[in-house]
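The values are calculated or read from the model by the stated rules, or taken from the named source; none is laboratory data. These numbers were taken from a predicted model, which means no experiment stands behind them. When we count neighbours, we look across all protein chains shown, and the Cβ atoms used for this are built from the backbone with ideal geometry, even at glycine.
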Amino acid sequence: MSTLQAIRTFLFYLLMGTSSLLWCTLSFFVAPFLPFPARYRFINVYWCSFVLLLARVFLDIRVNVTGAQNVPEQPCVILSNHQSTWETFFLSAYFQPLSQVLKRELLYVPFFGWAMAMLRPIAIDRDNPKAALKHVAAKGDQLLKDGTWVLIFPEGTRVPYGTIGKFSRGGTALAVNANLPVLPIAHNAGKYWPKQGWAKRAGTIEVVIGEPMYAQGSGPRAIAELNDRVAAWNEQTQREMGSLPQAPAVEEQIVV
């Protein structure tokens, strides 16, 4: 990293951290008196949009969205690959109101966690997977009925750019049980905002929003089939944007 880029990165994190502290503190005193849609915009949309602006000004990280016309009018389950914290900022500002699965411990962080708690997150205990799945299913279903988007990263954690993790079925199960589609999203944010380290690269992040996908039937088999379809779409889309190596061509065998 050049000296100039290091200075710009330092300024970015300084302003992001300072704005987070100030905004979360202000939200703690203002947001409780706002209805949920306005509260969500006040806490999440405005601050996340500010962080994206900082990234554009100081880091020269921009975004190009393809497939915006595929976003349905009715909120549903969003399934996206997970490479960095950038997509958390972007998706939180792009879809509103939105709830996402997060570690319960984050809600205990002074001011930041208290502000997050007012956004109706799906907070889970990762040490108790069975209870976590039940909580995601129950609260996620209620949020969808209330007209809130539910964001799930089916890989479970951030994966390095150039790789793809196994997709869990929790998101597709939630969608199938709610009789709603899933909205698949693929991106290459990790190329410019890596999973590890402070260094960032200037460039344009590609975000592709696919067409809503519906289950073919109901029950565990339909959930698994939909999940496989979403994972295959995400993998293929990442290959097309150059995030993953191209799959080897399959040679046709001629039977004589």
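Side notes on the structure shown:
- Scanning the range 171-196 for residues that are part of a helix (DSSP H, G or I) and surrounded by fewer than 22 Cβ atoms within 10 Å (Cβ to Cβ) turns up Asn177, Lys191.
- Criterion violated by Ala215 - all others in (1) part of a loop (DSSP other than H, G, I, E, B); (2) under 18 Å from the mean Cα position of the chain (by Cα); (3) of a type in the set (Gly, Ala, Ser) satisfied: (2)
- Any hit, the range 124-145, residues being in contact (Cβ under 8 Å) with a residue 24 or more places away in the chain and within 13 Å of the chain's Cα centre (by Cα): no
- Test: residue in the range 176-191 that is free of Cβ contacts under 8 Å to residues at least 60 places away in the same chain and touching a helix residue (DSSP H, G or I) at 6+ places or on another chain (Cβ under 9 Å): yes
- If you go through the range 113-145 and keep only what is charged (D, E, K, R) and not in a helix (DSSP H, G or I), you end up with Arg120, Asp125, Arg126, Asp127.
- Looking across the range 197-221, the residues that are at negative phi, of a type in the set (Gly, Ala, Ser) and surrounded by fewer than 21 Cβ atoms within 10 Å (Cβ to Cβ) come down to Ala199, Ala202, Gly210, Ser218.
- Residues in the range 55-75 that are farther than 19 Å from Ile185 by Cα, free of Cβ contacts under 8 Å to residues at least 40 places away in the same chain and among the charged types (D, E, K, R): Arg56 only.
- Against the conditions (1) closer than 21 Å to Ile78 by Cα; (2) out of contact with any strand residue (DSSP E or B) (no Cβ under 8 Å at 6 or more places or on another chain); (3) crowded, with 16+ Cβ neighbours inside 10 Å; (4) free of Cβ contacts under 8 Å to residues at least 60 places away in the same chain, Gly113 satisfies every one except (1).
- Residue within the range 140-150 that is of a type in the set (Phe, Trp, Tyr) and more than 24 Å from Leu22 (Cβ to Cβ) present: yes
For (1) modelled with pLDDT of 95 or more; (2) more than 22 Å from Lys139 (Cβ to Cβ); (3) touching a strand residue (DSSP E or B) at 6+ places or on another chain (Cβ under 6 Å), each residue gets a yes or a no:
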position: Ala178; (1), (2), (3): no, no, no
position: Gly197; (1), (2), (3): no, yes, no
position: Glu206; (1), (2), (3): yes, yes, yes
position: Gly210; (1), (2), (3): yes, yes, yes
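- Filter pass, Val230 being hydrophobic (A, V, I, L, M, F, W, C), surrounded by 15 or more Cβ atoms within 10 Å (Cβ to Cβ), touching a Leu at 6+ places or on another chain (Cβ under 9 Å) and assigned to a strand (DSSP E or B): no
- Residue that is surrounded by the most Cβ atoms within 10 Å (Cβ to Cβ) [pool: residues in the range 45-79 that are within 19 Å of Met116 (Cβ to Cβ) and of a type outside the set (A, V, I, L, M)]: Trp47
- For the range 139-170, the set of residues classified as surrounded by fewer than 20 Cβ atoms within 10 Å (Cβ to Cβ) and touching a Lys or Arg at 6+ places or on another chain (Cβ under 6 Å) consists of Pro160, Tyr161, listed by residue number.
- Of Ile164, Ile205, all but one fail to be closer than 18 Å to Gly242 by Cβ and not in a loop (DSSP other than H, G, I, E, B); the exception is Ile205.
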